[in-house]
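A.B. asks: After the C-alpha coordinates below, expect a handful of questions from me.
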Amino acid sequence: MSKQFQGLRTLGYKVPDLQEAKKWYTDVLGVEPYFDEHFYVGFNVAGYELGLQPYEGNVVRGNAAVTYWGVADVRKEYDRLIAAGATSLEEPNDVGGDIVVASVSDPWGNPFGLIYNPHFKL
(Lines give C-alpha, C1' and ligand atoms only; values in the text may rest on other atoms or scores of the structure.)
Protein backbone atom coordinates (compact mmCIF):
# COMPACT_ATOMS: atom_id res chain seq x y z
CA MET A 1 0.00 0.00 0.00
CA SER A 2 1.27 3.43 -0.93
CA LYS A 3 2.32 5.63 1.96
CA GLN A 4 1.90 8.78 -0.14
CA PHE A 5 -1.53 8.18 -1.62
CA GLN A 6 -4.62 7.49 0.46
CA GLY A 7 -6.96 6.71 -2.44
CA LEU A 8 -9.48 8.67 -4.46
CA ARG A 9 -11.28 11.33 -2.43
CA THR A 10 -12.79 14.13 -4.52
CA LEU A 11 -14.02 14.71 -8.04
CA GLY A 12 -14.40 18.41 -8.89
CA TYR A 13 -16.51 20.00 -11.61
CA LYS A 14 -16.41 23.61 -12.78
CA VAL A 15 -19.87 25.00 -13.54
CA PRO A 16 -21.10 28.40 -14.77
CA ASP A 17 -24.05 28.60 -12.34
CA LEU A 18 -23.21 27.16 -8.94
CA GLN A 19 -26.78 27.38 -7.59
CA GLU A 20 -28.28 25.64 -10.62
CA ALA A 21 -25.64 22.89 -10.49
CA LYS A 22 -26.14 22.48 -6.73
CA LYS A 23 -29.87 21.96 -7.25
CA TRP A 24 -29.32 19.48 -10.12
CA TYR A 25 -26.78 17.41 -8.20
CA THR A 26 -28.85 17.51 -5.00
CA ASP A 27 -31.76 16.10 -7.00
CA VAL A 28 -29.82 13.39 -8.87
CA LEU A 29 -27.60 12.31 -5.95
CA GLY A 30 -30.40 12.42 -3.39
CA VAL A 31 -28.20 14.14 -0.78
CA GLU A 32 -27.79 17.70 0.39
CA PRO A 33 -24.32 19.27 0.22
CA TYR A 34 -22.31 19.01 3.43
CA PHE A 35 -20.32 22.13 2.47
CA ASP A 36 -22.12 25.03 0.80
CA GLU A 37 -20.31 28.30 0.16
CA HIS A 38 -20.31 30.79 -2.74
CA PHE A 39 -16.93 29.44 -3.92
CA TYR A 40 -17.47 25.67 -3.44
CA VAL A 41 -20.27 23.15 -2.88
CA GLY A 42 -19.28 19.70 -1.62
CA PHE A 43 -21.39 16.53 -1.56
CA ASN A 44 -20.45 13.45 0.47
CA VAL A 45 -21.49 10.49 -1.69
CA ALA A 46 -20.86 7.29 0.26
CA GLY A 47 -17.53 8.54 1.56
CA TYR A 48 -16.38 10.23 -1.66
CA GLU A 49 -16.72 13.88 -2.51
CA LEU A 50 -18.22 15.56 -5.52
CA GLY A 51 -17.21 19.22 -5.50
CA LEU A 52 -18.67 22.04 -7.56
CA GLN A 53 -16.81 25.28 -8.24
CA PRO A 54 -17.93 28.32 -10.23
CA TYR A 55 -15.97 29.34 -13.30
CA GLU A 56 -15.88 32.39 -15.49
CA GLY A 57 -14.97 32.41 -19.15
CA ASN A 58 -14.14 29.39 -21.26
CA VAL A 59 -13.33 26.07 -19.66
CA VAL A 60 -12.04 23.30 -21.90
CA ARG A 61 -14.19 20.19 -21.57
CA GLY A 62 -13.37 16.65 -22.53
CA ASN A 63 -14.52 13.12 -21.90
CA ALA A 64 -11.14 11.37 -21.92
CA ALA A 65 -11.39 10.67 -18.17
CA VAL A 66 -14.61 9.54 -16.51
CA THR A 67 -15.22 8.91 -12.82
CA TYR A 68 -17.65 6.05 -12.28
CA TRP A 69 -20.06 6.12 -9.34
CA GLY A 70 -21.24 2.75 -8.04
CA VAL A 71 -24.94 1.99 -8.38
CA ALA A 72 -27.08 -1.13 -7.99
CA ASP A 73 -28.91 -0.70 -11.33
CA VAL A 74 -27.01 1.11 -14.08
CA ARG A 75 -29.93 1.20 -16.57
CA LYS A 76 -32.33 2.66 -14.01
CA GLU A 77 -29.90 5.40 -12.91
CA TYR A 78 -28.82 6.12 -16.50
CA ASP A 79 -32.46 6.62 -17.52
CA ARG A 80 -33.07 8.82 -14.46
CA LEU A 81 -30.06 11.04 -15.30
CA ILE A 82 -31.17 11.37 -18.93
CA ALA A 83 -34.66 12.36 -17.75
CA ALA A 84 -33.04 14.95 -15.44
CA GLY A 85 -31.30 16.66 -18.37
CA ALA A 86 -28.04 14.75 -18.84
CA THR A 87 -26.99 13.61 -22.31
CA SER A 88 -25.68 10.18 -23.22
CA LEU A 89 -21.97 9.50 -23.66
CA GLU A 90 -22.13 5.70 -23.34
CA GLU A 91 -25.30 3.66 -23.03
CA PRO A 92 -25.35 0.91 -20.39
CA ASN A 93 -23.42 -2.16 -21.45
CA ASP A 94 -21.89 -5.26 -19.91
CA VAL A 95 -18.11 -5.03 -20.22
CA GLY A 96 -17.51 -8.57 -18.94
CA GLY A 97 -17.52 -10.26 -15.56
CA ASP A 98 -21.10 -9.02 -14.97
CA ILE A 99 -19.75 -5.45 -14.76
CA VAL A 100 -22.10 -2.87 -16.30
CA VAL A 101 -21.04 0.69 -17.12
CA ALA A 102 -22.59 3.79 -18.65
CA SER A 103 -21.78 7.48 -18.78
CA VAL A 104 -23.55 10.76 -19.38
CA SER A 105 -22.66 14.43 -19.60
CA ASP A 106 -24.21 16.61 -16.94
CA PRO A 107 -25.94 19.79 -18.19
CA TRP A 108 -22.56 21.60 -18.08
CA GLY A 109 -20.63 19.06 -20.15
CA ASN A 110 -18.91 17.18 -17.31
CA PRO A 111 -18.68 13.38 -17.77
CA PHE A 112 -20.50 11.39 -15.07
CA GLY A 113 -20.07 7.61 -15.08
CA LEU A 114 -22.14 4.83 -13.55
CA ILE A 115 -20.89 1.34 -12.72
CA TYR A 116 -22.30 -1.84 -11.28
CA ASN A 117 -19.45 -4.12 -10.26
CA PRO A 118 -20.48 -7.25 -8.32
CA HIS A 119 -16.84 -7.70 -7.26
CA PHE A 120 -17.09 -4.60 -5.02
CA LYS A 121 -19.69 -3.99 -2.34
CA LEU A 122 -21.77 -0.81 -2.55
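A.B. asks: Taking the stretch 49-83 on its own, how many of its residues are surrounded by 15 or more Cβ atoms within 10 Å (Cβ to Cβ) and of a type in the set (A, V, I, L, M, F, W, C)?
C.D. replies: Going through the stretch 49-83 one residue at a time, the tally reaches 7.
A.B. asks: Another question, if that's okay. Out of all the residues in the stretch 49-97, which are modelled with pLDDT under 95 and on the phi > 0 side of the Ramachandran plot?
C.D. replies: Selection gives G57, G96, G97.
A.B. asks: Which of (1) surrounded by 15 or more Cβ atoms within 10 Å (Cβ to Cβ); (2) more than 20 Å from K14 (Cα to Cα); (3) in the same structural domain as Y13 (by TED's automatic domain parsing) does A46 not meet, given it meets every other one?
C.D. replies: The single condition A46 does not satisfy is (1).
The values are calculated or read from the model by the stated rules, or taken from the named source; none is laboratory data. What you are looking at is a predicted structure, and each value in this text was computed from that prediction instead of being measured. Note: ideal-geometry Cβ built from the backbone for every residue, glycine included; neighbour counts use all protein chains shown.
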